Structure formats: C-alpha cells, structure tokens
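Q: Got a structure here, written out as structure tokens. Questions coming.
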Amino acid sequence: MPHDQNEQLPCSHLHHMPICIALCLLLVGMPQMSAASYEQPGMLSAGSLLQKDIIKGKNHTVNEQVANDGMFNHYQVSSPFGSFTAGSDSALRQLVKEIEAIAVMKQIETDDTALASLKKSGQNTVAGLQNLFSDPEKTLKGAAAGVGSLFNRAKETVGSREVSEAEDSKMEQLIGFSKSKGQIATRYGVNVYSSNQVLQEELDRLAWADYLGGLGVGVATSIVPGVGGLVITTSGTARLLNEAINTTPASELWLQNRNKLLAMGVDQDTVELFLNNPVFSPALSTILTTALEAMKGIANRQLFVTVGLQASDGEMARTITEIAVLTAGYHKHVAPLKELNAMSRITRATKKDGSVVVILPTDHIIWSEKIADVSTALAAKVKAAAGGGLEIWVLGDFSKTARAELEGLGWKVHTKARDQLLPPEK
C-alpha cells in the first residue's frame with residue numbers, strides 16, 4: 001500500500017499559519033488599505049517555479065499545480081514509494097534527495113523473517129542490561145572492557161533530557177541500533193532524524209540488518225551524493241555537520257547543545273525547555289545552536305531559543321531554524337548585525353546604522369493584509385526613529401504587486417538570496 005506523508009494537502013498549509021500570523025501581530029494604529037488591493041493565495045505552476053530535474057526524475061513527479069499560501073509553496077509528489085507532500089521549496093529539494101536515497105536503499109535485499117528474529121535478540125540484549133542492576137556481579141563476569149563508557153556523563157542528563165519525536169526509542173539507542181542507522185543515513189546523504197516515514201522504514205530495515213545480521217549493509221557501494229539537510233546547502237561544511245549529527249548519540253548532542261547555549265548566557269531553564277521541545281529533533285536543535293555560535297557579536301542572539309519554545313510542530317521548528325541559519329549567513333557574508341529583536345514568532349535584525357533587516361526562508365510572498373500591515377509598521381518605526389534603511393531578504397521572490405508596494409514603503413528587496421547568504425564553498 002502506498003505511503004502518504006500527508007493525505008490532506010490543504011491542512012499542510014496550516015503548518016506555516018503561526019509564522020504568517022506572526023507577521024501581523026505588530027499592528028498598532030496602522031493605516032488600513034482597501035481590501036480590494038490585497039492579493040489572495042492561489043495556485044501556481046510547477047513548470048514556472050522549478051528546474052526540470054526537480055519537477056520530474058527517475059523516481060518522482062511533482063504535480064503541476066502548486067498551492068501558495070501567501071508565503072510558502074506546497075507541493076504534491078508521486079513516486080513508486082508512495083505519495084508525499086512538501087511544504088516549501090527547500091522541503092521539496094530535501095524530499096527529492098530522500099526519494100533518491102530510498103530508491104537506492106530498496107535495491108538492497110534483507111530477509112525480513114531473519115530480521116524479526118534478530119530484533120528479538122536485540123531485545124534480549126536489553127534484558128541483559130536490565131540484569132546488570134538485579135545481579136551485577138554475575139552479569140559483569142566476562143563483560144568486555146569499555147562498557148562503562150556507555151554511561152559517561154549520564155548523570156548530567158538524568159531527569160533533564162526527553163526523547164524527541166524524531167528519535168529512535170531509548171531501547172534502540174541503548175543497544176547501538178541507532179549508531180548503525182546514523183552511519184547508513186550518512187552514507188546515503190540523508191538526515192537520520194528526517195520526518196519522512198518511508199525513509200525511516202528503509203533506514204530501520206537496513207540498520208537492523210547491519211547491526212544484527214552482519215549483512216554488509218554498512219559497506220554497501222551505492223552512495224547518494226549530497227546532504228539531505230535544511231537550507232544549509234550541499235557544501236562540505238554542511239556534509240560534515242550532517243555526518244556529526246547522524247553519528248553522535250542524541251543524548252550527547254543534547255548535552256553539547258546545552259553547554260554551548262549556557263556558555264552564550266541563555267538561562268538554564270529556558271535551554272532545557274527548548275532542547276526538550278519534542279518538535280525540535282536533535283538535528284534541528286544542533287543546527288540552530290551551530291547558527292547561534294556563528295552569530296557571535298550579535299546582541300540578543302538567544303532570542304531564537306525563546307522563539308523556539310513556541311514551535312508547536314515540525315514545520316514551525318524547521319522555519320525558525322532556517323531563519324537562524326540565514327541570519328548567521330547574513331552576519332558572516334553580507335554585513336555585521338548589531339542585535340536581534342522579536343517579531344512574535346519570528347525575528348528581525350538591526351545593523352549598527354539602525355537599518356532593519358528581515359530575513360525569511362519564504363518561496364513566493366504576495367501582497368496580503370498580513371504582509372502589508374507588518375511592512376508598513378516597521379517602515380513607520382524606522383522612520384520615526386530616524387534610523388537607517390529597510391531590507392528584506394528571501395529565498396524565493398515576491399509578486400509584482402508585493403514588490404512594488406514594499407519598494408514604495410522604502411524597503412530594499414533581495415530575492416533568490418540563498419547564494420548571497422550562504423555562498424557555495426569552493
């Protein structure tokens with residue numbers, strides 16, 4: 001039976017609704033425009049948005065009709081492995097990469113009956129570990145040296161860390177299954193914490209075979225190039241980060257991220273609430289923390305952690321993380337930023353000259369009432385403060401009306417800004 005990542009596509013539009021709503025919460029006595037001048041969300045054409053190899057490949061086809069919610073594009077994708085949806089352009093690129101990986105993984109045969117038996121033996125391993133506490137003297141006889149390292153630093157996470165939605169069970173992490181799974185994910189250029197259920201099934205199947213059966217999955221010769229990550233491109237740095245995330249135990253990532261955030265001066269309770277938000281996978285929290293490290297010198301950079309507390313689903317967590325990555329990219333590659341300020345569930349930055357910078361991972365922004373309200377409010381705020389300019393950077397573009405209205409308010413518009421914010425490594 002085909003797998004469907006999200007059978008009700010229109011509902012997927014709601015994933016970004018809190019982000020869209022955030023753009024209109026700054027309203028205080030702003031002049032109102034005629035409703036007739038606002039644009040409404042509608043349908044776009046995949047052919048006008050995407051490269052041919054993204055629209056159709058050996059193992060996937062993107063539906064020609066694309067729903068735009070006013071900021072993000074929503075795609076329906078069919079493949080031999082089921083039907084999928086992607087809630088943005090960057091999510092679509094990741095999905096295509098994952099489908100390519102699934103196709104290669106499917107070529108590797110495993111004996112499901114044997115694996116069921118082997119899984120049982122893995123559960124027996126857990127039973128043996130439980131015996132460690134009921135009869136330690138007997139259990140420790142003949143134990144291999146170095147087992148104690150499994151519990152290194154465990155005290156620091158007891159009672160603090162919770163398993164996120166994207167992680168394997170604690171049993172699977174404890175017996176080492178997750179290590180095999182992470183190594184396989186790295187080899188096939190995907191992220192082990194992906195929310196793609198078909199990919200997860202293939203990773204699980206091959207990981208059990210590799211961990212328990214000695215079937216040689218770990219030395220498979222087929223490799224899918226690139227990295228199935230967020231907006232962090234396919235650069236060497238991104239691949240190294242993806243490998244580190246895949247092959248480091250989730251509990252260790254949690255501890256590393258906690259220590260880094262504490263070193264930045266973030267309140268401990270806030271840090272632990274953020275890291276225990278189940279919609280932030282270990283991958284997302286690690287990428288966001290890495291982005292914050294790259295924002296050294298920006299006042300209030302910990303704002304992203306506070307904003308992250310409000311994420312209620314994976315799409316929100318992903319969007320917040322992408323904004324953080326792009327903000328770090330601006331700080332490093334475009335111009336130094338002075339500080340961050342809150343815009344409800346998103347952020348805006350300020351440069352030393354007082355210029356306001358808004359950076360969004362959006363696909364196609366239309367001139368909606370929400371966009372009109374927030375852009376007008378910020379323009380008035382900057383003018384009243386006799387500050388610098390107004391900049392908005394997006395990964396996609398704007399409708400003609402939206403661009404004209406923004407420029408009329410004094411905004412300097414930067415579209416298709418991925419390579420400027422995150423230049424490809426040479």
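Q: Being in contact with a helix residue (DSSP H, G or I) (Cβ under 9 Å, 6 or more places away or on another chain) and free of Cβ contacts under 8 Å to residues at least 40 places away in the same chain is the filter; apply it to segment 392-411 and report the residue that is surrounded by the most Cβ atoms within 10 Å (Cβ to Cβ).
A: At the first step, the residues of segment 392-411 found to be in contact with a helix residue (DSSP H, G or I) (Cβ under 9 Å, 6 or more places away or on another chain) are 392-393, 395-398, 401-402, 405-406, 409-411.
With the extra rule that they be free of Cβ contacts under 8 Å to residues at least 40 places away in the same chain, the set shrinks to 392, 397-398, 405-406, 409-411.
Working: Ile392: 24, Asp397: 17, Phe398: 22, Glu405: 21, Leu406: 22, Leu409: 16, Gly410: 13, Trp411: 21.
Among them, the one singled out is Ile392.
Q: Which of (1) modelled with pLDDT of 90 or more; (2) part of a strand (DSSP E or B) does Ala324 not meet, given it meets every other one?
A: (2)
Q: Next question, about the same structure. Using the structure shown, decide if Thr319 is buried (at least 22 other Cβ atoms within 10 Å of the Cβ) and under 20 Å from Gly87 (Cα atoms).
A: On the way: buried (at least 22 other Cβ atoms within 10 Å of the Cβ): yes; under 20 Å from Gly87 (Cα atoms): yes.
The answer is yes for Thr319.
Q: Further, regarding this structure: Please go through segment 48-89 and pick out each residue that is without any contact (Cβ under 8 Å) to a residue 24 or more places away in the chain and part of a loop (DSSP other than H, G, I, E, B). Spell out how you get there, then give the answer.
A: Pass one, segment 48-89, residues without any contact (Cβ under 8 Å) to a residue 24 or more places away in the chain: 48, 51-53, 55-56, 61, 63-66, 77-80, 86.
Scanning segment 48-89 gives Gln51, Asn63, Glu64, Pro80.
Q: Further, regarding this structure: Against the definition (among the β-branched types (Val, Ile, Thr) and buried (at least 21 other Cβ atoms within 10 Å of the Cβ)), how does Thr347 come out, yes or no?
A: Numbers: among the β-branched types (Val, Ile, Thr): yes; buried (at least 21 other Cβ atoms within 10 Å of the Cβ): yes.
Judged against the criteria, Thr347 is a match.
Q: What residue, of Leu261, Leu288, is in the same structural domain as Thr415 (by TED's automatic domain parsing), over 24 Å from Arg418 (Cα atoms) and buried (at least 22 other Cβ atoms within 10 Å of the Cβ)?
A: Working: Leu288 fails: over 24 Å from Arg418 (Cα atoms).
After ruling out the rest, the residue left standing is Leu261.
Q: Which residues, counting only those in segment 269-319, are among the aliphatic types (A, V, I, L, M), in a helix (DSSP H, G or I) and under 16 Å from the mean Cα position of the chain (by Cα)?
A: Those that are among the aliphatic types (A, V, I, L, M), in a helix (DSSP H, G or I) and under 16 Å from the mean Cα position of the chain (by Cα): Leu275, Ala283, Leu284, Ile287, Leu288, Ala291, Leu292, Val305, Val307, Met316, Ala317.
Q: Let me ask something else. Quick check on segment 291-310: of everything there that is in contact with a Lys or Arg (Cβ under 8 Å, 6 or more places away or on another chain) and free of Cβ contacts under 8 Å to residues at least 60 places away in the same chain, which residue is farthest from Met264 (Cα to Cα)?
A: Initially, segment 291-310 is screened for residues in contact with a Lys or Arg (Cβ under 8 Å, 6 or more places away or on another chain), giving 292-295, 298-299, 307, 310.
With the extra rule that they be free of Cβ contacts under 8 Å to residues at least 60 places away in the same chain, the set shrinks to 292-295, 298-299, 307.
Working: Leu292: 9, Glu293: 8, Ala294: 11, Met295: 10, Ile298: 11, Ala299: 11, Val307: 16 Å.
It comes out as Val307.
Q: Please specify each residue of segment 69-101 satisfying the condition of being in contact with a Gly (Cβ under 6 Å, 6 or more places away or on another chain) and among the polar types (S, T, N, Q).
A: Passing the criteria: only Gln94.
Q: A further question follows. If we keep just the residues of segment 48-77 that are among the small types (Gly, Ala, Ser) and farther than 17 Å from Val104 by Cα, which is farthest from the chain's Cα centre (by Cα)?
A: Start the filter on segment 48-77 by keeping residues that are among the small types (Gly, Ala, Ser), which leaves 48, 57, 67, 70.
Those still in the list that are farther than 17 Å from Val104 by Cα too: 48, 67, 70.
Numbers: Ser48: 26, Ala67: 21, Gly70: 21 Å.
Selected residue: Ser48.
The values are calculated or read from the model by the stated rules, or taken from the named source; none is laboratory data. As the structure is a prediction and not an experimental result, all values here were calculated from the model. Cβ: placed from backbone, ideal geometry, glycine included. Neighbour counts: every protein chain shown.
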